[in-house]
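Asks: To start, I am sharing the structure in question, which I have written as structure tokens.
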Amino acid sequence: MFADEFFLRRAVVLAGVLVYWGGVYVQARRVRKQIGRSPNMKPRTPKEKILWLGWMLVVGGWIAIPLLAGKSKLGPLFQFHLLIPDALATALGITLTIAGYVCTLWCYAVMGSSWRICVNTREKNALVTRGPYRWMRHPIYSFQIVMLLGAVLLLPTIFTGLILAVHFVCTLIKATDEEKYLLTVHGDAYREFITKTGRLFPKLLP
């Protein structure tokens, strides 16, 4: 791999995580202004606090990997080789990173003021079934996975794979908790919604 291509890969991964989480901050401020209070930014239960620790590990690792990968003594030790050409991996990685974030912005637009970070059982928001929610119940998490898959293609290291795995586990737990809450709020309407959609990926079979 050429040095310029390696620099590009590192730059895309770092820019991806900074733009993504900077966008979360902007979205939180926008929704706060719309609803006049915090969009449940703080975890309320012990489980949510543990999940937040998991998210922090993911974000910290996502930022650290492109920085550590540039260290000649560290980078080669943790890299593994993909079964596709470097140029193709670079193109796919950049495409997934950009597509994942663009689709996340789509989710924000569809959710509007209903967007939240944590669950507040005293709140009853509208059930969003438009846009990507026609196919997936948690598309924002799905597009995070897409961006992390892009990071794995761009910087294929053991650490990148571990971050993707930790994120996936945290996402499954968070999605399950959110669905339990939404069932209490929307009842049969949400049960029907579950039958028509996939949790993180579109439902292939009826």
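Asks: Looking at (1) in contact with a strand residue (DSSP E or B) (Cβ under 8 Å, 6 or more places away or on another chain); (2) surrounded by fewer than 18 Cβ atoms within 10 Å (Cβ to Cβ); (3) charged (D, E, K, R), find the lone condition where R137 falls short.
Replies: So R137 meets the others, but not (2).
Asks: All but one of (1) without any contact (Cβ under 8 Å) to a residue 24 or more places away in the chain; (2) buried (at least 17 other Cβ atoms within 10 Å of the Cβ); (3) not in a helix (DSSP H, G or I) hold for R122; state the number of the condition that does not hold.
Replies: So the condition that R122 fails would be (2).
Asks: Something else: Could you say which residue among L82, L92, L88 is over 21 Å from the mean Cα position of the chain (by Cα) and touching a residue at least 60 places away in the same chain (Cβ under 8 Å)?
Replies: Residue meeting the stated conditions: L82.
Asks: In addition: Any idea which residue in the range 171-206 is farthest from R134 (Cα to Cα), counting only those that are in a helix (DSSP H, G or I) and of a type in the set (A, V, I, L, M)?
Replies: The qualifying residue farthest from R134 (Cα to Cα) is I173.
To keep it simple, each residue is scored yes or no on (1) part of a helix (DSSP H, G or I); (2) over 27 Å from N40 (Cβ atoms); (3) not charged (D, E, K, R).
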site	(1), (2), (3)
I84	no, yes, yes
T95	yes, yes, yes
L105	yes, no, yes
S113	yes, no, yes
I117	no, no, yes
F143	yes, no, yes
L148	yes, no, yes
V169	yes, no, yes
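Asks: Any idea how many residues of the range 18-58 are farther than 28 Å from N125 by Cβ and at pLDDT below 95?
Replies: Residues in the range 18-58 being farther than 28 Å from N125 by Cβ and at pLDDT below 95: 1 in total.
Asks: Working only within the range 25-51, note down all residues that are surrounded by 17 or more Cβ atoms within 10 Å (Cβ to Cβ) and either without any contact (Cβ under 8 Å) to a residue 12 or more places away in the chain or more than 18 Å from the chain's Cα centre (by Cα) (or both).
Replies: Matches in the range 25-51: V31 only.
Asks: On to the next question. Could you please give the count of residues in the range 13-24 that are crowded, with 20+ Cβ neighbours inside 10 Å and among the β-branched types (V, I, T)?
Replies: Adding up the residues that qualify gives 2.
The values are calculated or read from the model by the stated rules, or taken from the named source; none is laboratory data. What you are looking at is a predicted structure, and each value in this text was computed from that prediction instead of being measured. As a convention, Cβ positions derive from the backbone with ideal geometry for all residues, glycine included, and neighbour counts pool all protein chains shown.
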